[in-house]
Amino acid sequence: MPNQNKPLLIGVTGGIGSGKSTVCHVFNCLGVPVYDADSRARWLMNNNDDLILKIKSEFGEASYQNGFLDRAYLAQIVFSNPEKLTKLNSLTHPAVAIDFEDWVSKHSATPYLIKEAALLIESGAYQQLDELILVSAPAEVRIKRVLKRDPQRSEIQIKEIIEKQLPESEMAKHAKKVLNNNGLESILSQILNLHLVFSKYQAT
């Protein structure tokens, strides 16, 4: 646990369609600052000169068109090539880690902060946090959510993404807290309970 002069750092993760962004939105509505690591990674890939140079060096000048990352081009390269994907992550994750540290320093007076990311466990970033929350939901529920959210994706494509992600059973081994977002239990009450726990800890 951190000392009392620093915010509690909470990670929120989960597979595609689990609802982690919805959970983080609720925390944010409760006044908790949320760092969206995946969105910040995309921003850094377009604005961090050092990272841009490294990506161009590894994946070619065609990775950028008109000064912006060509996500479709890069996705074609890394989606079916685990080694290339690992390389891209090895370039991006350190930049995100530095950006997160800067962000935390700007919110040092806040009782607790949340870092949302799909790859908190795979990247090892969870080890720098004080708590890890897993947002859990059955695969069939997640597939339905993504089909509704991303109509351009087929069920087969979504299943392929799920298969490439770390299984929930493995994620659960690293998470101290699990939010069941199966549509049957109240996710709001679960979030409010955790909010009280984290707020009380920092208040002592």
Got a number for residues in segment 29-43 being in a helix (DSSP H, G or I) and either in contact with a Phe, Trp or Tyr (Cβ under 6 Å, 6 or more places away or on another chain) or touching a residue at least 60 places away in the same chain (Cβ under 8 Å) (or both)?
-> 3
Do we find that ILE10 is part of a loop (DSSP other than H, G, I, E, B) and not hydroxyl-bearing (Ser, Thr, Tyr) in this structure?
-> no
Test THR13 against the stated conditions and say whether it is surrounded by 13 or more Cβ atoms within 10 Å (Cβ to Cβ), modelled with pLDDT under 95, within 30 Å of LYS159 (Cα to Cα) and assigned by TED's automatic domain parsing to the domain that holds ALA125.
-> no
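This table checks each residue for (1) hydroxyl-bearing (Ser, Thr, Tyr); (2) within 17 Å of PHE27 (Cα to Cα); (3) outside the structural domain of SER18 (by TED's automatic domain parsing).
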position	(1), (2), (3)
THR92	yes, no, yes
ALA95	no, no, yes
LYS115	no, yes, no
TYR126	yes, no, no
Taking the stated definitions as given, is SER199 at pLDDT below 95, small (Gly, Ala, Ser), farther than 17 Å from VAL12 by Cβ and in a helix (DSSP H, G or I)?
-> no
Unique match (being touching a residue at least 24 places away in the same chain (Cβ under 8 Å), acidic (Asp, Glu) and either closer than 15 Å to GLY14 by Cα or buried (at least 16 other Cβ atoms within 10 Å of the Cβ) (or both)) among GLU163, GLU140, GLU116 | GLU116
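Looking at ASN66, ASN28, ASN46, can you tell me which residue is of a type in the set (S, T, N, Q), more than 30 Å from PRO111 (Cβ to Cβ) and in contact with a strand residue (DSSP E or B) (Cβ under 7 Å, 6 or more places away or on another chain)?
Working: ASN66 fails: in contact with a strand residue (DSSP E or B) (Cβ under 7 Å, 6 or more places away or on another chain); ASN28 fails: more than 30 Å from PRO111 (Cβ to Cβ).
One residue alone meets the criteria, ASN46.
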Selection status of ILE77, within 17 Å of ILE161 (Cα to Cα), surrounded by 12 or more Cβ atoms within 10 Å (Cβ to Cβ) and either touching a residue at least 12 places away in the same chain (Cβ under 8 Å) or of a type in the set (Phe, Trp, Tyr) (or both) | yes
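The values are calculated or read from the model by the stated rules, or taken from the named source; none is laboratory data. For clarity, every value in this text was computed on a predicted model and none was experimentally measured. Note: ideal-geometry Cβ built from the backbone for every residue, glycine included; neighbour counts use all protein chains shown.
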